[in-house]
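As structure tokens, the structure follows; a few thoughts come after it.
The values are calculated or read from the model by the stated rules, or taken from the named source; none is laboratory data. Everything numeric in this text was worked out from a predicted model, so none of it was measured. Backbone-built Cβ (ideal geometry, glycine too); neighbour counts: all protein chains shown. Side chains included, ligands, DNA and RNA excluded: accessible areas come from the protein's heavy atoms. Shrake-Rupley method; radii C 1.70, N 1.55, O 1.52, S 1.80 Å.
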Amino acid sequence: MEIPAKYDPSLTEDKWYKYWMDKGFFHSEPDNREPYTIVIPPPNVTGVLHMGHMLNNTIQDILVRRARMQGKNACWVPGTDHASIATEAKVVSKLKDEGIDKNTLTRKELLDHAWEWKEKHGGIILEQLKKLGASCDWDRTKFTMDDDLSESVIKVFVDLHNKGLIYRGVRMVNWDPQAKTAVSDEEVNHKEVQSKLYYVRYKVEGNDDFVTIATTRPETILGDTAVCVHPEDERFKHLHGKKVIVPLVNRLVPIIIDEYVDKEFGTGALKITPAHDINDYALGDKHNLETIDIFNDDGTMNEKAQLYVGEDRFKVRKLIVKDLEEAGQIVKIEDYLNKVGYSERTDAVIEPKLSMQWFCNMENLAKPALEHVLNDDVQFHPAKFKNTYKHWMENVKDWCVSRQLWWGHRIPAYYLPEGGYVVAQTPEEAVELAKQKTGNQNLTINDLKQEEDVLDTWFSSWLWPISVFDGINNPDNKDYNYYYPSNDLVTAPEILFFWVARMIMAGYEYKNEKPFKNVYLTGIVRDQQRRKMSKSLGNSPDPIELMKKYGADGVRVGMLLCSPAGGDLLFDENLTEQGRNFGNKIWNAFRLVKSWEIDETLEQPESANKSIEWFKHRLNSEIKNINDLYEKFRLSDALMAVYKLFWDEFSSWYLEFVKPAYQKPIDKKTFDQTLEFFDILVKLLHPIMPFITEEIWQLIDERKDGESLMIEKMPEAESYSEDIIESFERVKELITGVRNIRNENGIAQKEALAIKVKGEYDEEYSSCVVKMANLSTLEETKVKIDGAVSFMVKSAEFYIELGDLVDVEEELKKLNKELEYNKGFLVSIMKKLGNERFVKNAPEKVIAIETQKKEDAESKIKILEERIAHLK
């Protein structure tokens, strides 16, 4: 069969992916094999593939393909997340572009637009994953708002409410004024920003005294209902029991005393705004203060603010400072570095706000989820994240599960005409419960009003490992009993609490079993300046374009070359190029082997026999090592091990040992064994590089329809001898020693050399040395040979008498010229490094490069001088 000169991914990737799909190789059904299950972290339904997805899904596919080849029943469940905030924001933005205001639509009309958007855009990311080679069981694709998954979510909400774990109440929440919804603590990013600290005077009632407070948010002064001082602060003892006048609005508020106040911070006096600060809210509750909410849901001022009504909060900040200055109530303004909370979804500054919300009590749910991570029932890779998890779980807060949106799972609470509510799975059940609760048998569904809010998106995601197998609705079904718990979860550390912790809680609450055995935490993909890759920075390459340029296999290798578990990945496009080059190396090695002509009458040479023996041992040693690395989730190291095995050991050494002389045939025994090695190597490489390995495997031998590398058995390590491997390392060292002497003395490879050896060496591999080093003889000597070039391997000394092989005069001329150049080069480097200005101003990296150049030049000069002295 004609093998193309170049490997072209565009001709093979779609071909083999279609073949795998057509043959149903990705699909799994329960049987008597050991299951291996991964559930995909469902990407947002609105999403397109980014570099984080590439890393995450490459790792998942490697694990799944390897498990499948180990004979396990591998099932990788794909799907997408409805992403309430992100999707509704996109739909509202699209409608706005079309001149439609969300506020003019009914709930049903907006949801129709959202479903239409989902149908149009929802499958994009999953189709893109196919280009990467993801071997998901596409027949099992799930969406968090599928009927069965939605039913699971509602059922769990009702169950937790009935257990007293879900409750409704007014609490201080993180309010996103752009999305107009509450968000959880974990969805707030705290950024350090350069702010201003404003010192403002509040007049004391009945005299000319003033109390000065310090605030970064002067706009909230309009909602102040007290000023608080420490009971032991001597500066304010004369003011205990007095009142102050809030500037501009002239509200009379009490001075309260509380040990909460830090006497050393600011002025020691604290303005209290219970409606707009979590700590102030607690103080307001304790001291029974009035609560004045001055903000509308969109962050503008409402009537209760009295001033600046309808203006945005940040505009008001500028206006109120100007007005306070004019009123003579600003004492001073200082620059101040503080942390400000931003919404993860919209990047709007979070506004603490009192709001009626639904909450889930986490204390009891968290206990088993912490215990089973601490005792390693669930293992984190790397383990360092265990401490982070422990800290969070020991300080867990109640989860605000309601969102003021329409897209998502509508909370199944129904409000009664006379007050109060019932929680039920269906409207029909709600009516029955309402009748029982009120005693009014005439109630109908039209008398009840369902809660407008939807559930936090994570309230469906936390059930994902259970609900994809319908474990909530049908807890004894075949799939759930077989595939749950899953084996490995691959995700990012930043959603360790959003998602991972909550899945573990749900697992123990609804199955009394962990949802997965291992959690592999990937790093964040960053650019070479260590910045997180993002659209806004324009520093993130398009993964689809990368795959077009370097092939999916090249990109997969590139992603893994720099991605230790839990460590950030500094992405460099050169690594994907390196991945492509590795693919070309594999292809060219295969073409070389297939180009050899076979002579069935030829005996196998001793050198080939010994090389095969060595490579078998080396191969089995590496298979054991690679398996060990996979078990420890050291995937980058596993890739490097198989990379070096193929590039260094197989291509650079083994193929050179067995390759026939130019235009000469090879014996059949060696050829067959070489193809067998190739077969094993492409199996080891397949999980990482599925496309090129499938193409080569199909070309190694005649294959039947329905055969595929991806369902072949992964090679297992057989016994091997470290002694044989070590002996051959010495053989390689000996060959390298001869090659160095040829290079140093300008002796061509075709010139056969005679070598004498003094001491013990690995004589049984002499045939390999003679072939690779092109020796005429390899003999023992008892004495040192004067005038010969020599080198050592362990304790053995090897001598080569160069004689007429070197034109001494010509060689000296060449060496002296090279010496002169290197000395001149060293002088120029020394000048540069001796220049104080250069050393002071140049970046550290540049100094290191110049220092390395100096050391290299000195080393070269020393070698050249030794060679010149030897030839003289």
(message) How long are the semi-axes of the equivalent ellipsoid of the chain, defined as square roots of 5 times the Cα gyration tensor eigenvalues? Whole Å, largest first.
(response) 68, 39, 22
(message) Explain nothing, just compute: Karplus ³J(HN,Hα) = 6.51 cos²θ - 1.76 cosθ + 1.60, θ = phi - 60°, for every residue of segment 374-389 in order, whole Hz, x for Gly and Pro.
(response) 5, 8, 6, 4, 10, 10, 9, 10, x, 5, 4, 6, 4, 5, 4, 4
(request) Could you please state how large a percent of the accessible area of segment 367-496 is carbon and sulfur, counting protein chains only and using a 1.4 Å probe? (result) 48
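In segment 71-207, carbon and sulfur make up what percent of the accessible area (probe 1.4 Å)?
On the way: 2830 of 5890 Å².
Whole-percent figure for carbon plus sulfur exposure: 48.
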(message) Could you tell me the relative contact order of segment 561-656? Use alpha-carbon pairs under 8 Å, at least six residues apart, and round to a whole percent.
(response) 39
(request) Calculate how many DSSP beta bridges within the chain are antiparallel, expressed in % of all such bridges and rounded to the nearest 5. (result) 70
(message) As a test of understanding, state the convex hull volume per residue of segment 627-781 from its alpha carbons, in Å³.
(response) 169
(request) First select every other residue whose beta carbon is under 11 angstrom from the beta carbon of Asp148; then total the charges, Lys and Arg +1, Asp and Glu -1. (result) -2
(request) Can you find, among Val731, Thr46, Val92, the residue farthest towards the positive end of the dipole of the chain? Put +1 on the C-beta of Lys and Arg, -1 on that of Asp and Glu. (result) Val92
(message) In Å², and per residue, what accessible area does the chain have when probed at 1.4 Å with the other protein chains present?
(response) 47
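If you average the sequence gap of Cα pairs under 8 Å that are 6 or more apart and divide by the length of the chain, what percent do you get for the contact order? Please list the in-between numbers first.
Details: 1421 pairs, mean separation 107.2, N = 872.
Across the chain, relative contact order equals 12 percent.
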(message) For segment 35-105 and segment 488-561, what is the centre-to-centre distance using only Cα atoms, to the nearest Å?
(response) 11
(message) Sort 445-458, 679-692, 584-597 by packing, meaning the average of other beta carbons within 10 Å per residue, with the highest value first.
(response) 679-692, 445-458, 584-597
(message) To check my understanding: the extent here is largest minus smallest coordinate of the Cα atoms along each principal axis. What are those three numbers for segment 741-872, in Å, largest first?
(response) 59, 33, 27
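Taking the Cα centre of segment 229-310 as origin, sum charge times position over the Cβ atoms of Lys and Arg (+1) and Asp and Glu (-1), and report the length of that vector in debye to the nearest 20.
Numbers: 9 positive and 15 negative charges, 100 e Å.
The calculated dipole for segment 229-310 is roughly 480 debye.
Over segment 227-367, what is the relative contact order in whole percent, taking alpha-carbon pairs under 8 Å and six or more residues apart?
Values: 157 pairs, mean separation 23.5, N = 141.
The value is 17 percent.
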(request) Report the net charge of residues surrounding Gly268, where surrounding means a beta-carbon distance below 11 angstrom and charges are Lys +1, Arg +1, Asp -1, Glu -1. (result) -3
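Using a 1.4 Å probe and counting only protein heavy atoms, arrange Tyr415, Tyr202 so the residue with the most accessible area comes first. Let's see the in-between values first.
On the way: Tyr415 45, Tyr202 0 Å².
From most exposed to least exposed: Tyr415, Tyr202.
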(message) Not counting ligands, DNA or RNA, and with a 1.4 Å probe, what is His121's accessible surface area in Å² rounded to the nearest 10?
(response) 50
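Ordering Val839, Val769, Val396 from largest to smallest accessible area (1.4 angstrom probe), what's the sequence? Each step should come with its number before you reach the end.
Working: Val839 65, Val769 5, Val396 35 Å².
Largest accessible area first, the residues go Val839, Val396, Val769.
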(request) Quote the charge dipole size of the chain about the Cα centre in Debye, to the nearest 20; the model charges only the Cβ of Lys and Arg (+1) and of Asp and Glu (-1). (result) 1820
(message) Tell me which trypsin sites (Lys or Arg not before Pro) from segment 616-675 have a DSSP coil assignment and no more than 14 other beta carbons within 10 Å of their own.
(response) Lys632
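What pairs from Lys353/Lys437; Lys102/Lys304; Lys437/Lys478; Lys108/Lys517 go past 30 Å between their alpha carbons? The partial results should precede the final answer.
Working: Lys353/Lys437 32 Å; Lys102/Lys304 26 Å; Lys437/Lys478 39 Å; Lys108/Lys517 41 Å.
From Lys353/Lys437; Lys102/Lys304; Lys437/Lys478; Lys108/Lys517, over 30 Å: Lys353/Lys437; Lys437/Lys478; Lys108/Lys517.
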(request) Mark the label point 7 Å from the Cα of Asp159 along Cα→Cβ and return the residues of segment 408-440 whose backbone N is within less than 14 Å of it. (result) 425
(message) Classify segment 239-299 from the C-alpha gyration tensor, please: rounded if a/c falls under 1.5, else prolate or oblate depending on whether a/b exceeds b/c.
(response) prolate
(request) Per residue of segment 693-708, in order, report the coupling 6.51 cos²θ - 1.76 cosθ + 1.60 (Karplus, θ = phi - 60°) as ³J(HN,Hα) in whole Hz, putting x for Gly and Pro. (result) 5, 5, 4, 5, 4, 5, 8, 4, 8, 5, 10, 8, 4, x, 8, 7
